[in-house]
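Before any comments, here is the structure.
The values are calculated or read from the model by the stated rules, or taken from the named source; none is laboratory data. Keep in mind it's a predicted model, so treat the numbers as computed, not measured. All Cβ positions, even for glycine, are placed from backbone atoms using ideal geometry, and neighbour counts span all protein chains on display.
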Amino acid sequence: MTTAIIIDTDPGIDDVVTLALAARSPELEIVAVTTTYGNATLARTTRNARHVLALAGRSDIPVIPGADRPLVRPLVTAPETHGESGVGHAEPEGEGEGEGEAGPPSSSALPAVVVALHLADAPITLVTLGPLTNLAHALRTDPDLVVTRVRRHIGMFGSLHERGNTNRWADFNAWCDPEAVAEVFGAELPTEMVGLDVTRRMTLDRAEVVRLGRSSDPLVRWLADALRFYVEFHCRQERLDGCVVNDVLTIGQLLEPHLLDFARFRLKIDTGDGEYRGRTLSDPAGAAIRVALDVDVTAMRRLLDRVFGHAWDRPVAEE
Ligand code: BDR
Ligand code: CA
């Protein structure tokens, strides 16, 4: 029995690791991948999604380009965190993958998530790894389709107690497009927020990344080149000798239902422009959201063996 999923993503270094994990998990049927601006421009994130799927041998999965900017705010990307290309030191293009363009535009004028939902013949799980703009566009265009087809929405965004990574309070995905988060909250979908409260704990250290670079698997070596940049960023930014691979916990939770502990909160989001922009906070009048508050990091690392192989977490002394 497989779980049908759509992944909405802005690759992004932790996004490509997450896409690789999903692509190598036979329990998941990836109906489509939709892309958004975020860690890099839409053209680049789309190219990166196609390339990692090709490396994983899954070019058969449709990749549908979506929003190239937030609902109402100007476009901001994160070159200091993910590199201009979105994938750090990794070679962003494969043979015949063009000049960094998004590829053929979607043949439909419909939002990418609507197009993807039409490809599914039954209710699906929607996994979001970037700003929620694509989901908000889908809700504006065809709310009934979204409400009937999205059985579960699990997204990496937000933070309840943990310090933000974009301002004091907000994670990057919520900060990019707070209006989109507000629309998703307003739709009363079965949303699960996997935010910095748990993702901050999912780190890879520098030695592990170095070891991945020696893998015999071209996909793993490519991911290691991306991750090396992520380590450099985290080292500069917060003196962490490693990197936080936020997005993987969403797919991890689908594969291992006890990975995360959730509690139900009523949440709202700050849509102001000041220091609280993008803050997700508890409010009695807010939307009912399941929020991840604890994670079994050891179990997540075991799941990453599917991508990285058993060599990646060997102690250095064994080499
Ligand atoms: C989120 O923002 C991006 O930098 C990552 O890909 C992740 O989705 C963390 O705040
Ligand atoms: Ca992401």
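Brief remarks on what is shown
- Exactly one residue out of N167, N173 is more than 21 Å from L259 (Cα to Cα), within 12 Å of ligand 1 (Cβ to nearest atom) and either in a loop (DSSP other than H, G, I, E, B) or free of Cβ contacts under 8 Å to residues at least 24 places away in the same chain (or both): that is N167.
- Among the residues of this structure, D247 counts as one that is under 19 Å from R24 (Cβ atoms) and within 16 Å of ligand 2 (Cβ to nearest atom).
- Close pairs (9 angstrom Cβ cut-off, 6 or more residues apart or separate chains): of a type in the set (S, T, N, Q) in the stretch 285-303, modelled with pLDDT of 95 or more and assigned to a helix (DSSP H, G or I) anywhere: none
- Given (1) without any contact (Cβ under 8 Å) to a residue 60 or more places away in the chain; (2) buried (at least 24 other Cβ atoms within 10 Å of the Cβ); (3) of a type in the set (S, T, N, Q), index of the condition T141 fails: (2)
- Filtering E93, E84 for residues that are without any contact (Cβ under 8 Å) to a residue 60 or more places away in the chain and farther than 26 Å from E179 by Cα leaves a single hit, E93.
- Residue, nearest to ligand 2 (Cβ to nearest atom), within the stretch 1-32, restricted to residues that are free of Cβ contacts under 8 Å to residues at least 40 places away in the same chain and under 15 Å from the mean Cα position of the chain (by Cα): L19
- Filtering the stretch 155-184 to residues that are farther than 16 Å from Y276 by Cβ and either of a type in the set (S, T, Y) or surrounded by fewer than 23 Cβ atoms within 10 Å (Cβ to Cβ) (or both) leaves only E183.
- Residue match in the stretch 246-255 (condition: surrounded by 16 or more Cβ atoms within 10 Å (Cβ to Cβ) and over 18 Å from the mean Cα position of the chain (by Cα)): no
- Residue match in the stretch 195-203 (condition: touching a Ser or Thr at 6+ places or on another chain (Cβ under 7 Å), touching a residue at least 24 places away in the same chain (Cβ under 8 Å) and not in a loop (DSSP other than H, G, I, E, B)): yes
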